[in-house]
Structure formats: C-alpha cells, structure tokens
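A.B. asks: This is the structure I want to talk about, given as structure tokens.
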Amino acid sequence: MKRGIDTLIPVLGDQLSLGLSALRDADPDTSVILMMEVEEEATYVRHHKKKIAFLFAAMRHHAQALRDAGWEVDYIRLDAPENSDSLTGEVARAIERHRPARIIATEAGEWRLRHAMELWPDKFGVPVEIREDDRFIASHAEFDAWADGRKQLRMEFFYREMRRKTGLLLTERGEPEGGQWNFDKENRKPAARDLTMPQPLSFAPDALTQEVIALVADRFADNPGTLDGFDFAVTAQDAERQRAHFLRYALPQFGDYQDAMLTDVPFLWHSLLSPYINCGLLDPLDLCRRVEASYRAGHTPLNAAEGFIRQIIGWREYVRGIYWREGPDYTARNFLQAKRPLPAFYWTGQTDMHCMAQAIGQTLQNAYAHHIQRLMVTGNFALLIGADPADVQRWYLEVYADAYEWVEAPNVLGMSQFGDGGLLGSKPYASSGAYIDRMSDYCGHCRYDVKARTGPKACPFNALYWDFLVRNREKLGSNQRLAMPYRNWDRMDADTQRALQAQAKAFLAGLDEG
Ligand code: FAD
Ligand code: DLZ
Ligand code: SF4
C-alpha cells in the first residue's frame, strides 16, 4: 500500500540507468519517478528522426524496467493532451499532482538544463537536491584537481590518471600492461574488404517502439534523416547483447582498424555502443572491465583493449571534463573567426566528393558515423572551408544518435574545428586528400583525382588544405606541430602557390553560390 508521496525524482532522457544517483537510497514506497517526453527537448535542434525515436523508445522501455523494479513512474508522452512542452513545465504539473515534500534529481548533462534546474527551488518552493552524475569515472572535483595549475591540458596525461584510478590494464606493480600506456601507433591500419567482417546485431522494433516510430514520423516529418531500417537496441538487455557481440566478434581487431574507412561499410570494427552508454543503458566502467577481462582471457590483443579503454576512460571523460570546466560560453568560441555557413549538402549527402557523400549519406541513414569519418572527413572539410563552428556544432548535435552537448561540443569545437585555439588538442585536424586516400578506398570511387592539386579533376581537399594554412597563418604559424607544412608551403614556387590559392578560391566561391 502506497503511503503519501514524499519525493519526486525527475529522470531525463539520458539518465536511463537503474543505478542513477537520484534513485539511490530513495524509498519506492514514498517516491514517484517523473519521465517526460517534451517538445522543448525534441526541438532545441532538429534532431535526426532516428535519434528522437531511439531516445523516446529507450525512455518508454526504461519506464517499464523501473516499474518492474518496484518504482512508481509517472510517464508523460509527447502527445499527452496536457503536455506543457518543457521539462520545467512538466515538473510544475507533477508537483500539483503529487504534492511532494522534496525533489531529488541527478545533474543534467548540459549547461542549458543545469541552469533551468537551478531555478526550480525558487520557482516551485520545494527543496531540490541535485546529485552528481557518478556514472562518469572522474567527478567534477577530480577533473578540476587534475587540470588546475597545468599550463596545457592533454588527454594522454589525464588518461593515465584514470588508468591509475580504475586499475584498468595495470600490472600488479601498478605499471601499464605491455610496458607502455598507449598503443595508438599500432592502430592505424587501412582495412581491406573481407567477408569475415563483423555485422552488428539488428533489433526488430517491438510494439512500443513501433508506436514511437509512428509518432516521430508524424510529428518530425521534416527533420533530417530517415526512420527506415530502425534497429537500435532500446533496452538495457539488448544493449548488453550488442556489447557482448562486439566483444566477441569485433573488439579483437578494433585497434588495428580503428581509423580505417571503406565504401559502403559504415560500421567496420566499431562497437556502436555510444548511444547506449550516453543515455545510460550501458555502464562505461563495467564495459571497460569486460574489455580488460577479454584481454586477460587471451581473446583480445593489448592494442585493441587499450585502444578501446582509452576512448572511454580517456577521451570520453576528458571531453566531459573540459565541457564543464570551460563554462557555458565554450560553445560560442571561434578562435579562427570562421564564418562560412555549412553547405547544404551536409543535409542531403549530394556531392561529387565520394568521401563526403559516404560519411553524410551513412549519417542520414543510420544516425551514425564512426570517429574518423566525423573527424577527418566531415569535420576536416568544415574546418578547411572555414565553416562557422556554431553551425558545425549544430549539425553534429542534430544528426548523431549519441549526441548530447557535453560530448558533442568539445569534440566538434575543440578537437575538430580548433575553435578553442588549442585547449583540448594541440593542433587542428586539417589534412589534404592524402590522409583519406591512405586510410580508405574512397578515392578509387571518386570523380576527383586525389593526386591532383589543381585543375578540374583535382581533389578539393588538396588546395583547400593549403589555403586553410595560408589563410590562418597569423593564428597557426607559431604552432610547432604545423612547422613542417608551413615549411613545405614556403618551399613551393610562387606559381604553384598562386595556382593552389586560385583553385581553393574558385571552389569556395562555388560553395558560396550553392
Ligand atoms: P567506438 O569507435 O567503438 O569507440 C568506443 C567508445 O569510445 C564510443 O562508444 C564512445 O563512448 C567512446 N569514444 C570514442 N571516442 C570518443 C570521443 N572523442 N569522445 C567521447 N567518447 C568517445 N561521441 C559521442 O558519444 N557523441 C557525440 O556527439 C560525438 N560527436 C563527435 C563529433 C566529432 C567531430 C568527433 C570527431 C567525434 C565525436 N564523438 C562523439 C566521438 C566518437 O566519434 C563517437 O563516440 C564514436 O564514433 C561512437 O561510435 P562507436 O560507439 O562505434 O565508437
Ligand atoms: C535529446 C532529448 C530529446 C530528443 N528528447 C528528450 C525528452 O523529451 N525528454 C528528456 O528528458 N530528454 C530528452 N532529450 C535529452 C535532453 O535534451 C538533454 O540532452 C539531456 O537530458 C542532457 O542531459
Ligand atoms: Fe574525398 Fe578527394 Fe578522395 Fe574524392 S579524391 S574521395 S574528394 S579525398
């Protein structure tokens, strides 16, 4: 028999974990969990249709899992007639319904919602306890303690701290397995097409998910992407199945082919786990411990296990630390003063550049592209043409099922667009077509010639790369990691330099004309 409601616990769309800090030591008999599908969250950017469908389906299934675990869940569907369309509005209505004595929440994953939650106590006249999100390995205080007083922040050193903290891949004497912390140099092999390549699992939508798909098709018909072939896992159990499948069939070669790209092969040896980790269906530390166990059992080589674990306890934690440390204005930075709008083909994939058509086409189809496509194809191109980093951030936040501002913004603004001037990474990830040619089979399928720098068939990345360096020399010229390309530019004869700049200028003018 339920007693009166004492505690209201709002659970956001990316807080789908049974062990969430807000639920810890709450009493299911006197608490009610509030979950809300709201217009404001669904429209702050034009999310990919599959991203919205994934999240709503995962939320609805999670509500069921919470009920099965004994909680009362008050679940507000997007099409509920009284839906006020915002999280704050729904909390206000829930307070009217349940009259709780207090609210307990886990901190939100972005500044916009953190600010909104900070206003709740005054707005509602109810005490609000906001708990830290301890699904992350480093607390805010730990990241700040590590970062304070350092002249330069670098992922590699933070990562070593996280290895020490978790004990992952350490010997009994506390030294890194294999005698080194990082095996990245072994993880840069191009891949060949192969019939034994792993295939990800596909999860057929059940009735609850089909209902969500119909809702999204109706309400978000004009959003980017397609709902066709929706096959995401939407429960913790199915996410665990994809995790187990990855560990068995793909992880052993994850390291070798981490940076590889192949035409019409969107997933390669990647895990596809980021949407599940980010919304809470999978626990990142548990995942890393299982990867370590696979290494210790002799199933996975060290370069793969270390490479994977580094992405999670290194990069994922590091970008989050930077996002919160740098404050809400981080996303507005624009070190290179880049202003060009993102070309329209980012929303259609219709371009003759085969690498771009592949990365964008797969993104629109799957709400997924792997890291090197995001960084060295679409990100690199946006950087080279001088796209406005605010536009670029919006696109990435829209189109990927794993995109939340805390992880998207530092990756896009900091890592990919050098918009923070070198805070997150030491040099811009700018490259000519040669890198894409080395790591993929794309160029062989392209109407452009990756070896040509000027002329009608020249790969656009080539001239754009040099033009980018020259255009930004004042800001980048003293970067030691770019000393070599600047020297190479200076060694070119004046005619070659002029031809490259004219080639880039004509291409950019073509973009501006649409
Ligand atoms: P795998 O290749 O299998 O990697 C394993 C896991 O490592 C991922 O699931 C992810 O949790 C983690 N990881 C790897 N690299 C990073 C990274 N740089 N930052 C954070 N986590 C990382 N990742 C997101 O989760 N959300 C984003 O919005 C996002 N935007 C990105 C934008 C750009 C421009 C770039 C360059 C990278 C971005 N990433 C983002 C990081 C990375 O591309 C994705 O995490 C990865 O592609 C997800 O696919 P996967 O699960 O198959 O990854
Ligand atoms: C991304 C998203 C979407 C599309 N919809 C909802 C929603 O309806 N309700 C909700 O609680 N959360 C949603 N989210 C996630 C939030 O916008 C936000 O990105 C995270 O909660 C940040 O921690
Ligand atoms: Fe991309 Fe240039 Fe290669 Fe074409 S030739 S696929 S545009 S890198």
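A.B. asks: Using the beta-carbon distance between residue 173 and residue 123 and R0 = 56 Å, what value does 1/(1 + (r/R0)^6) give for FRET efficiency, to the nearest 0.05?
C.D. replies: That pair, residue 173 with residue 123, gives E of 0.55.
A.B. asks: Work out how much length residue 480 to residue 210 would gain on full extension: take 0.36 nm times their residue separation and subtract the Cα-Cα distance, in nm to one decimal.
C.D. replies: 91.8 nm
A.B. asks: With 10 angstrom as the radius, rank 44, 295 by how many other C-beta atoms surround their C-beta, starting from the fewest.
C.D. replies: On the way: 44 15, 295 23.
Going from sparsest to densest Cβ surroundings: 44, 295.
A.B. asks: Quickly rank 313-320, 420-427 as a protection proxy: mean count of other C-beta atoms within 10 Å, highest first. Working shown, then result.
C.D. replies: Numbers: 313-320: 22.1, 420-427: 17.4.
Per-residue mean Cβ counts within 10 Å order the peptides as 313-320, 420-427.
A.B. asks: Using Cα atoms only, what is the angle between the long axis of helix 460-471 and the major principal axis of the chain, expressed in degrees (0 to 90) to the nearest 10?
C.D. replies: The angle comes out near 90 degrees.
A.B. asks: Is the shape of the range 378-508 best called rounded, prolate or oblate, per the rule: a/c under 1.5 gives rounded, else a/b larger than b/c gives prolate, else oblate, with a ≥ b ≥ c the square roots of the Cα gyration tensor eigenvalues? Mind showing how you got there, number by number?
C.D. replies: Values: a/c = 2.06, a/b = 1.35, b/c = 1.52.
Oblate.
A.B. asks: Report the calculated FRET efficiency for residue 186 and residue 99 (r = Cβ-Cβ distance, R0 = 56 Å), to the nearest 0.05. Please list the in-between numbers first.
C.D. replies: Working: r = 60 Å, r/R0 = 1.07.
Working from the Cβ atoms, E equals 0.40.
A.B. asks: Going by C-beta contacts inside 10 Å, put 45, 265, 291 in order with the fewest on the left. All intermediate terms of the calculation are to be shown ahead of the outcome.
C.D. replies: Details: 45 19, 265 16, 291 26.
The order, fewest Cβ neighbours first, is 265, 45, 291.
A.B. asks: Now a separate question. With n ≥ 4 as the cut-off for DSSP H runs, can you work out [θ] at 222 nm for the chain, using -39500 (n - 2.57) per run divided by the number of residues, rounded to the nearest 500?
C.D. replies: Numbers: 23 runs with 225 residues, N = 514.
Taking each H run of at least 4 residues, the total per residue is -12500 deg cm²/dmol.
A.B. asks: How far is helix 389-399 tilted off the main Cα axis of the chain, in degrees rounded to 10, range 0 to 90?
C.D. replies: Long axis of 389-399 versus the principal axis of the chain: about 60 degrees.
A.B. asks: Counting other C-beta atoms within 10 Å, and keeping those with at most 12, which DSSP coil GluC sites (Glu not before Pro) do you find in the range 20-121?
C.D. replies: Working: sites: 37, 39, 40, 41, 72, 82, 90, 96, 107, 110, 118; in loops: 37, 72, 82, 107, 110.
Of the GluC sites (Glu not before Pro), the ones in loops of the range 20-121 whose Cβ has at most 12 other Cβ atoms within 10 Å are 82.
A.B. asks: Between the alpha-carbon centers of the range 444-514 and the range 51-91, tell me the distance in whole angstrom.
C.D. replies: 50 Å
A.B. asks: So which lysines can residue 339 reach, going by Cα to Cα under 26 Å and dropping same-chain residues fewer than 8 places off?
C.D. replies: Within reach: 427, 475, 505.
Bear in mind these aren't lab numbers, they're just calculated from the coordinates by the rules spelled out. Small disclaimer: the values here were computed from a predicted structure and weren't measured. Neighbour counts run over all protein chains shown; Cβ positions are idealised from the backbone, glycine included.
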